[in-house]
Each structure stands twice: as structure tokens, then as C-alpha cells.
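Worksheet for the structure shown next.
The values are calculated or read from the model by the stated rules, or taken from the named source; none is laboratory data. Values in this document were obtained by computation on a predicted structure and should not be read as measured data. Neighbour counts run over all protein chains shown; Cβ positions are idealised from the backbone, glycine included.
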There are 2 protein chains.
Amino acid sequence: MTNIKKVSELAGVSTATVSRTLKSPEQVTATTREKVMQAVKQAGYRPNWLASSVKSGKSNSIVVLVPNLTNPFFLRIIGGIEQAAQEKGYSVLLGDTQGDSKREHEYAGMVLSNRVDGLIQLDHSFPFAPQDAELAENVPMVSVCERIVGERKYPVIELDNYAASRALAHHLVSYGHRRFAAIVGQISSQIYRERLAGIRSVLQEENLPLPDEMLAGGSYSIEAGIAGVQQLLKQPIRPTAIFCFNDDIAIGAIHEIKKHGLRVPQDISVVGFDNIKVSAFIDPPLTTVDQPAYDMGRRAFEVLSVLMRGESLTRIREILPFQLVERQSSGPVSAD
Amino acid sequence: MTNIKKVSELAGVSTATVSRTLKSPEQVTATTREKVMQAVKQAGYRPNWLASSVKSGKSNSIVVLVPNLTNPFFLRIIGGIEQAAQEKGYSVLLGDTQGDSKREHEYAGMVLSNRVDGLIQLDHSFPFAPQDAELAENVPMVSVCERIVGERKYPVIELDNYAASRALAHHLVSYGHRRFAAIVGQISSQIYRERLAGIRSVLQEENLPLPDEMLAGGSYSIEAGIAGVQQLLKQPIRPTAIFCFNDDIAIGAIHEIKKHGLRVPQDISVVGFDNIKVSAFIDPPLTTVDQPAYDMGRRAFEVLSVLMRGESLTRIREILPFQLVERQSSGPVSAD
DNA sequence: GATTTTACTGTAATCGATTACATTTAAGAA
DNA sequence: TTCTTAAATGTAATCGATTACAGTAAAATC
């Protein structure tokens with residue numbers, strides 16, 4: 001390994017001069033600069049990043065905790081984080097937790113041992129182990145989409161899930177639907193409660209029911225959509241519109257509805273949530289709520305970056321705009 | 001920041017003893033161990049990862065270069081890498097290059113400056129900047145799916161793309177198709193050549209043509225699939241079967257074919273490549289080649305891990321098995 | 001030409017943990 | 001009890017870069 005000492009010897013100067021030549025060349029005479037650069041090139045020298053980092057105490061890295069790497073929606077968020085991080089010279093460590101708290105604790109621990117400077121949580125759980133909770137008090141941490149549970153409030157970049165769900169509900173109600181169902185996602189999350197509350201509020205205003213037997217699901221997956229439809233279609237009365245709590249669920253739902261010989265949207269309208277790329281290209285194209293995932297990721301890093309600098313935030317909660325994307329998976333209730 | 005010195009003072013021992021207590025407790029008396037652990041807990045001490053790493057010269061991290069984070073196929077690979085890495089105590093840094101060589105150089109540089117110990121390339125380009133090429137000679141680097149161009153041969157985990165394409169071609173030929181088209185991916189890659197060669201070899205054996213005007217595409221995206229179909233359908237003679245070089249392209253192609261009022265597979269059969277999750281749930285479900293993406297990721301890390309230990313490999317090329325997945329997007333050529 | 005100021009470079013301390021080597025303490029043998 | 005040996009602990013060097021401080025040389029001022 002070529003280190004700074006070797007270069008300094010080669011150039012016939014001190015290590016300090018080598019370091020200065022590379023970090024603040026204006027402090028060094030043109031001639032010595034020349035000599036040093038020559039030696040650097042000759043030795044093939046690259047400053048050891050680890051060494052610089054111990055000195056500065058900063059790793060210029062962050063870790064992103066993802067419950068599920070296969071969800072394309074998370075990917076867009078991560079893409080935004082990555083882009084913003086890269087622009088500020090940070091690197092992004094990937095923490096695929098698979099919803100396993102042990103793995104979450106492990107990844108979150110990185111911020112306590114200076115392996116990373118900050119943490120972005122895409123799940124809703126408090127990621128630190130109970131015994132680390134106290135240490136984690138003032139750690140730079142922000143969440144995206146989900147709010148982190150617990151007394152301490154951490155910054156969050158989110159969507160107005162309540163309003164977005166209301167928009168979806170209004171959309172379906174305006175088509176004349178009266179028999180609704182929902183295939184929900186992970187029940188422990190804030191998102192679940194807000195989206196359901198949004199739907200419920202509109203239906204209540206319209207005096208429309210959403211009985212318990214019209215609720216299915218429990219995870220954000222294609223499989224949940226399939227199982228959800230199977231369960232719903234066993235009921236004596238068939239819904240004419242199904243709220244799916246994300247696009248993956250909706251894709252599974254549409255697939256299964258067609259498999260039962262029913263048509264979307266003529267027999268059952270389906271709406272999703274997230275607007276993942278493929279949603280526009282399935283048959284029928286999916287009506288959904290567009291979340292600005294990429295921007296949410298970018299913004300999350302920017303907020304985290306403020307915290308990592310030790311500054312404080314003016315706002316602890318940022319709400320980004322959604323957009324209702326009307327496509328062909330939803331339509332008027334059929335004549336029968 | 002609580003460091004080892006503070007803990008040693010608190011426990012009334014030397015820093016060496018604290019370090020030993022944590023790294024090799026058997027070297028320490030039960031009573032001192034007790035004292036030290038007490039102090040560790042009281043101080044909320046966590047060893048500074050950066051400091052340990054400078055000493056050991058190892059960062060226990062790797063970087064994965066991804067040309068395109070939004071491709072779900074890459075995600076599965078990354079998931080496999082991540083899992084294997086985590087099991088061995090490594091962390092995974094994400095390098096979203098977007099095909100931009102400047103970003104690639106930057107991320108690849110991490111391995112030269114000890115920021116990471118190894119590199120996994122998911123693209124086919126040699127990721128180092130020209131001036132770094134010499135330094136990069138003996139760097140631990142492996143590629144997945146694609147082979148890295150250049151004289152120096154780096155280990156690669158791949159599929160027998162030639163054979164897989166032949167399987168797809170046989171599948172379509174056996175259905176009686178005679179007018180073929182292909183919507184290809186990135187033309188500069190090895191994969192492109194191998195897949196095309198596989199298809200061509202079968203068609204030649206059957207004395208079937210694949211004229212230049214029946215080739216479209218140029219990137220691995222849904223949009224390329226759409227544009228490809230538009231281009232192909234402008235030709236005087238319509239193909240009855242289209243090879244799409246990945247599932248994203250196929251999804252776009254099917255979407256566009258239907259938009260033209262044609263049916264899949266009755267009018268045109270479509271086959272993909274990769275078997276991403278959603279391919280099984282679109283309409284019609286896609287015939288494709290399943291790549292064991294997750295295992296490829298795992299294996300890539302394992303191979304890299306050998307290189308990072310400084311050992312040498314018995315095989316420089318590993319070929320994992322593919323599987324032809326026959327679904328409903330392909331079928332017999334229609335009667336007309 | 002003498003003196004002050006400025007610019008450049010070198011010496012050595014520092015970041016925080018690890019570990020070779022030295023030293024002390026305890027255990028075991030005679 | 002005394003001596004030998006093994007175990008436990010401490011001291012200080014080390015990893016590689018950065019930087020406060022000191023020192024030297026050159027430029028500017030009178």
C-alpha cells in the first residue's frame with residue numbers, strides 16, 4: 001500500500017506538504033506542488049479514506065433502512081436519496097431489513113459506532129435496539145413516507161395520505177360506486193390508519209358502508225392482492241370498487257379478478273397507490289395516486305444533511321404533493 | 001463522543017484492557033471484565049468503527065455499481081449481494097451510475113482509496129478512470145450478468161445467454177412461427193451479442209430469416225418496447241413473434257401491441273428475459289427466461305469475498321442455470 | 001542595509017482503537 | 001516459604017492522514 005510517507009520521501013518533502021498539496025494547493029509553491037504531484041503520480045497514491053475519516057470523525061456516509069428491497073416504489077426513493085447524497089459527497093449504505101428487527105438494530109447501530117453519520121428509515125419502526133435507545137437520542141435520523149413510532153418525534157417526509165385517500169374515494173364515489181372493499185397493507189403502520197380513515201371519512205359523508213368483511217390484505221405485495229380478491233369474492237355481495245393500498249396489491253388484485261372471469265373496470269374498479277412505473281402499462285392501466293418518490297428521497301437526504309451538520313430544523317414534518325392519476329382501471333359502475 | 005480512554009478511566013484500567021475485554025474477553029479476569037463492562041454500559045460506549053478500520057486497513061464494505069436502479073431485476077441481484085454480505089459482516093454501498101462514466105469512475109475510485117474493499121459491477125464497462133487503470137490491476141472486482149470489457153479478465157457470474165436464447169427460439173419455432181422480430185437492449189454489451197447469436201443460430205438451422213428491419217430497440221426499458229413495436233408495425237410484413245431482450249421491454253411491447261388492436265399471443269407472440277416478479281401477473285402472463293438473480297448476487301459476493309481475502313480462484317467464470325418459463329404470452333401461430 | 005511582515009515548509013501532536021512487548025501479579029511446584 | 005511459570009495488565013508504538021505550532025526563507029518596508 002502506498003501511503004503518504006512514501007510519497008513524501010519520493011518528493012523529498014514532509015508528509016504535511018504532501019497533504020497540503022492535495023487538500024489546499026494554494027498553500028504550496030508551484031515548484032513543490034509540481035514535485036509532489038509528480039511523486040503522487042509515480043507512486044500511484046490515493047489518500048486513505050479511512051484515515052482521513054478517523055481524523056475528521058465523519059464517515060460521510062448514511063445508511064438507508066429498507067423493509068423490502070423488491071418494492072419498486074422504495075427504489076425510486078432510494079434513487080432520490082442516492083442522487084442527493086452523491087452530489088454532497090456522501091455515500092449510501094443499503095440496509096435491507098426484511099422487516100426483521102434484529103437486522104434493523106444492527107444497521108441502526110452503525111450510526112452509533114461512527115460507521116455512518118446518519119440514518120434514513122423507510123419503515124415505521126424505531127430502528128434501534130432497546131438498550132441503545134438512550135444513545136440514539138440525538139442521532140440524525142429522518143423517515144420517509146412512514147412516521148417513526150415512539151415519544152421522540154423525528155423529522156419525516158411524507159404525503160398527506162388522508163387527503164390522497166379521500167381523493168381516490170371521491171373519484172370512485174363520483175362514478176356511482178356504492179359497494180366498496182379495501183385490500184390494505186401492513187396494519188401496524190400509521191399509513192394504514194390514515195389511508196383507511198381518509199376512505200372512511202368520504203364514505204361516511206356519503207352514507208356508504210365499508211363493512212369489516214370488505215377488508216382484506218395485510219401486506220404490500222402482489223400475493224396479498226391475489227389473496228385479498230379471493231377472500232372478497234367469497235362474500236355473498238360482490239364489491240364494485242376495491243381500494244388497494246399500493247400498486248403491487250392492485251396488480252395482484254386485477255390479475256385475480258380477471259382470472260375469475262370478471263372485467264376491470266366494468267365489473268370491479270380497482271385503484272392503487274404509489275404510481276410505480278409498470279402501473280401505466282398493465283391492462284387496464286391503473287388509476288392510482290402518484291407519490292413523488294424520487295423527490296421525497298432527495299428531500300429526505302437534504303433534511304438529514306441539515307441534522308448531520310448539527311443545525312436544527314424549522315419544520316419537523318414535510319408534506320409533499322400527491323396527484324390523482326386517473327387511468328382505465330376505474331370507471332362507472334356497470335349497468336347490471 | 002465517548003471514546004475508549006474515557007471508559008478506561010471510568011473502569012480504572014488501561015485502554016488495552018478495555019479493548020481486550022470487548023474483542024477477546026477470555027484474556028481478561030472475570031472481575032476486571034465486570035468492571036469494564038459496567039463502565040462501557042455507563043458511558044454508553046461503542047467502539048469507533050472508523051478507528052478500528054484504519055488499524056486493520058479493511059473497511060469491510062463493498063460497492064455495487066448499478067447502471068439503473070429502477071430495473072427490478074438488478075434489485076433482486078442486489079438483494080442477494082446484500083444478504084450474503086450482511087452474513088459475513090460486510091456492508092454494501094450503492095453506486096447508482098446511470099450509465100454515466102464519470103460517476104462510475106468516482107464509485108470505482110472508492111476501492112483505490114480504501115473506502116471499500118471490493119467492487120461488484122452490474123454493467124459491462126471497465127469502471128475505473130483511464131489514469132487509474134494500472135492501479136486497478138489487482139483490485140477485487142467481479143461482474144454479474146455482464147462481462148467486463150478489456151484485456152484483463154475479471155471473474156463473472158453469468159447465465160448461458162446463448163443457450164437461453166436458443167431455448168426461447170426453439171420454443172417459438174416449435175409453435176410454428178416463421179416471421180420473427182427482436183427488440184434488443186443495450187447494443188454495446190456482450191449480452192446483446194450472445195442473445196442475438198443464440199436466436200440467429202436456431203433460425204438459421206431452421207432456414208428462417210431475421211432481417212435487419214425486424215430489429216428494433218436499443219435500451220432495456222418499457223419505453224424501448226413501445227417504440228420498438230411502433231417501428232416494427234410500420235413494416236410491410238408483420239412479425240408473428242417478437243423476442244424482447246428483457247421483461248421490461250416485453251411489458252412495453254405487449255402494451256403497445258394491444259393498443260394497436262392486436263392480440264397476444266394470437267396475433268403476435270411475445271417473449272421476455274429475466275422473469276421479474278410482475279411478469280407472471282400481467283395480461284397475458286409473460287413467457288420468459290428465469291434468471292436466478294438472487295443466487296447470482298449471493299454467488300457474486302462469495303466470489304468477491306475470496307478475492308478480498310487475497311486467495312485466488314479456481315474458476316474465473318461461473319454459469320448459473322436458467323429456466324424457460326412458458327406462460328401465455330406465447331402460443332401457436334394463428335390460422336390466418 | 002536592517003527590520004518587519006508574509007509565505008512556505010517542517011516537526012510533532014492528534015484522531016480512536018489495536019497490539020507487540022514489558023511488567024506485574026497470581027498460581028503452582030518444590 | 002521460596003522459586004518458577006503462567007496469566008493478567010499496562011506502556012507505548014502503530015495504522016495513515018491532518019493540522020496546530022514552530023521555524024525558516026523570502027519579500028516588503030523604512
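Just checking, how many residues over region A:278-316 are modelled with pLDDT of 95 or more and among the charged types (D, E, K, R)?
6
Only one of these is among the aromatic types (F, W, Y) and farther than 30 Å from A:G118 by Cα: A:F245, A:F281, A:F301. Name it.
Just a single option satisfies the conditions, and that option is A:F281.
Take region B:13-39 and flag every residue that is within 11 Å of DNA strand C (Cβ to nearest atom), touching a helix residue (DSSP H, G or I) at 6+ places or on another chain (Cβ under 6 Å) and under 20 Å from A:D132 (Cα atoms).
Result: B:V18, B:T21.
Look through region A:249-262, keep the residues that are in a helix (DSSP H, G or I) and without any contact (Cβ under 8 Å) to a residue 12 or more places away in the chain, and return whichever of them is nearest to A:V333 (Cα to Cα).
A:K258
Could you say whether any residue in region B:56-77 is near DNA strand D (Cβ under 9 Å from one of its atoms) and not small (G, A, S)?
No: zero hits.
Quick grid of which residues meet (1) under 30 Å from A:S334 (Cα atoms); (2) modelled with pLDDT under 95; (3) in contact with a His (Cβ under 9 Å, 6 or more places away or on another chain); (4) surrounded by 19 or more Cβ atoms within 10 Å (Cβ to Cβ):
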| site | (1), (2), (3), (4) |
| --- | --- |
| A:S143 | no, no, yes, yes |
| A:K153 | no, yes, no, no |
| A:R166 | yes, no, no, yes |
| A:Y175 | yes, no, no, no |
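Looking at region B:228-243, is at least one residue within 21 Å of A:I222 (Cβ to Cβ) and either crowded, with 24+ Cβ neighbours inside 10 Å or more than 14 Å from chain A (Cβ to nearest Cβ) (or both)? Outline the logic, then answer.
We begin by selecting, within region B:228-243, every residue within 21 Å of A:I222 (Cβ to Cβ); these are none.
The answer is no; no qualifying residue exists.
Could you please tell me which pairs satisfy a Cβ distance under 7 Å, a separation of 6+ or placement on different chains, a first residue in region A:1-22 that is closer than 17 Å to B:G57 by Cβ, and a second residue that is in a helix (DSSP H, G or I) and near DNA strand C (Cβ under 10 Å from one of its atoms)?
These pairs meet every condition: A:I4/A:T15; A:I4/A:V18; A:I4/A:S19; A:K5/A:T15.
Considering only region A:285-305, state which residues are surrounded by 24 or more Cβ atoms within 10 Å (Cβ to Cβ) and part of a loop (DSSP other than H, G, I, E, B).
Answer for region A:285-305, where residues must be surrounded by 24 or more Cβ atoms within 10 Å (Cβ to Cβ) and part of a loop (DSSP other than H, G, I, E, B): A:L286, A:Q291.
Among (1) facing chain A (nearest Cβ under 10 Å); (2) closer than 22 Å to B:Y192 by Cα; (3) among the hydrophobic types (A, V, I, L, M, F, W, C), which single condition is B:A300 missing?
(1)
For region A:271-284, does any single residue satisfy the condition of being closer than 22 Å to A:R178 by Cβ, out of contact with any strand residue (DSSP E or B) (no Cβ under 7 Å at 6 or more places or on another chain) and part of a loop (DSSP other than H, G, I, E, B)? Talk me through it step by step, then tell me what you get.
Filtering region A:271-284 for residues closer than 22 Å to A:R178 by Cβ gives A:271-273, A:284.
Adding the requirement that they be out of contact with any strand residue (DSSP E or B) (no Cβ under 7 Å at 6 or more places or on another chain) leaves A:284.
Still in the list and also part of a loop (DSSP other than H, G, I, E, B): A:284.
Checked against the condition, which is being closer than 22 Å to A:R178 by Cβ, out of contact with any strand residue (DSSP E or B) (no Cβ under 7 Å at 6 or more places or on another chain) and part of a loop (DSSP other than H, G, I, E, B), region A:271-284 yields at least one hit.
Among A:G95, A:G99, A:G44, which is in contact with a helix residue (DSSP H, G or I) (Cβ under 9 Å, 6 or more places away or on another chain), in contact (Cβ under 8 Å) with a residue 24 or more places away in the chain and closer than 30 Å to B:V278 by Cβ?
Working: A:G99 fails: in contact with a helix residue (DSSP H, G or I) (Cβ under 9 Å, 6 or more places away or on another chain); A:G44 fails: closer than 30 Å to B:V278 by Cβ.
Every option except A:G95 fails the conditions.
How many of the residues in region B:1-12 are more than 11 Å from DNA strand C (Cβ to nearest atom) and part of a loop (DSSP other than H, G, I, E, B)? Outline the logic, then answer.
So the first thing to find is which residues in region B:1-12 are more than 11 Å from DNA strand C (Cβ to nearest atom), and the list is B:9-12.
Cutting the leftovers down to part of a loop (DSSP other than H, G, I, E, B) gives us B:12.
Of the residues in that region, 1 qualify.
For A:G185, only one of the following conditions fails: (1) touching a residue at least 60 places away in the same chain (Cβ under 8 Å); (2) more than 30 Å from A:V142 (Cα to Cα). What is its number?
If we test A:G185 against (1) touching a residue at least 60 places away in the same chain (Cβ under 8 Å); (2) more than 30 Å from A:V142 (Cα to Cα), just (2) comes out false.
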